[in-house]
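Engineer: Below: one structure in structure tokens.
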């Protein structure tokens, strides 16, 4: 992974880590990445890019193996579905997944990590 030089404006603790390019993710596609020790799923939903935790909080299912339809990624283990924009679980409002901002610099995708 490649670090973007400089600090994130208004956020002294965050950092941006390069996770790929826009050419690697067409609308409706997702990609498992390792970013500075974090396992994330980067998704392209309707041309917008999102990064979420790659593990379903229900029983640790691999979200990268599930489907992405619109903004909803579905866990292949038990069908729990999550909005990649908000992290909210559509099936169980008590569950949710972490979301991470994605920034574009040219064609490069960067995820903002805490």
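The values are calculated or read from the model by the stated rules, or taken from the named source; none is laboratory data. Given the structure is predicted, the values throughout are model-derived calculations rather than measurements. For neighbour counting, all protein chains shown are included, and Cβ atoms are generated from backbone atoms with ideal geometry for every residue, glycine included.
Engineer: Against the definition (within 16 Å of residue 44 (Cα to Cα), in contact with a strand residue (DSSP E or B) (Cβ under 7 Å, 6 or more places away or on another chain) and surrounded by 19 or more Cβ atoms within 10 Å (Cβ to Cβ)), how does residue 99 come out, yes or no? Quick ask: steps written out before the conclusion?
Structural biologist: Numbers: within 16 Å of residue 44 (Cα to Cα): yes; in contact with a strand residue (DSSP E or B) (Cβ under 7 Å, 6 or more places away or on another chain): yes; surrounded by 19 or more Cβ atoms within 10 Å (Cβ to Cβ): no.
Considered against the rule, which asks whether it is within 16 Å of residue 44 (Cα to Cα), in contact with a strand residue (DSSP E or B) (Cβ under 7 Å, 6 or more places away or on another chain) and surrounded by 19 or more Cβ atoms within 10 Å (Cβ to Cβ), residue 99 comes out as no.
Engineer: Mind counting the residues in the range 9-46 that are more than 20 Å from residue 85 (Cβ to Cβ), loosely packed, with under 14 Cβ neighbours inside 10 Å and either at pLDDT 95 or above or under 13 Å from the mean Cα position of the chain (by Cα) (or both)?
Structural biologist: 3
Engineer: For the range 102-114, enumerate the residues that are within 14 Å of residue 16 (Cα to Cα) and either in contact with a strand residue (DSSP E or B) (Cβ under 6 Å, 6 or more places away or on another chain) or without any contact (Cβ under 8 Å) to a residue 24 or more places away in the chain (or both).
Structural biologist: Residues of the range 102-114 within 14 Å of residue 16 (Cα to Cα): 102-105, 108-114.
Result: 102, 103, 108, 109, 110, 111, 112, 113.
Engineer: Kindly provide the set of residues from the range 58-79 that are part of a loop (DSSP other than H, G, I, E, B) and crowded, with 19+ Cβ neighbours inside 10 Å, ordered by number. It would help to see each step written out before you state the result.
Structural biologist: Here is the first cut: in the range 58-79, the ones part of a loop (DSSP other than H, G, I, E, B) are 58-61, 66, 70-71, 75-79.
Residues satisfying the conditions are 61, 66, 75.
Engineer: Quick one: residue 82 ticks every box in (1) in a loop (DSSP other than H, G, I, E, B); (2) within 14 Å of the chain's Cα centre (by Cα) bar one, so which box is it?
Structural biologist: (1)
Engineer: Given the structure, is residue 73 within 11 Å of the chain's Cα centre (by Cα) and farther than 18 Å from residue 90 by Cβ?
Structural biologist: Working: within 11 Å of the chain's Cα centre (by Cα): yes; farther than 18 Å from residue 90 by Cβ: no.
Judged against the criteria, residue 73 is not a match.
Engineer: Please work out if residue 94 is assigned to a strand (DSSP E or B), surrounded by fewer than 18 Cβ atoms within 10 Å (Cβ to Cβ) and either touching a strand residue (DSSP E or B) at 6+ places or on another chain (Cβ under 8 Å) or modelled with pLDDT under 95 (or both).
Structural biologist: Working: assigned to a strand (DSSP E or B): no; surrounded by fewer than 18 Cβ atoms within 10 Å (Cβ to Cβ): yes; either touching a strand residue (DSSP E or B) at 6+ places or on another chain (Cβ under 8 Å) or modelled with pLDDT under 95 (or both): yes.
Here the answer is no, as residue 94 does not meet what is asked.
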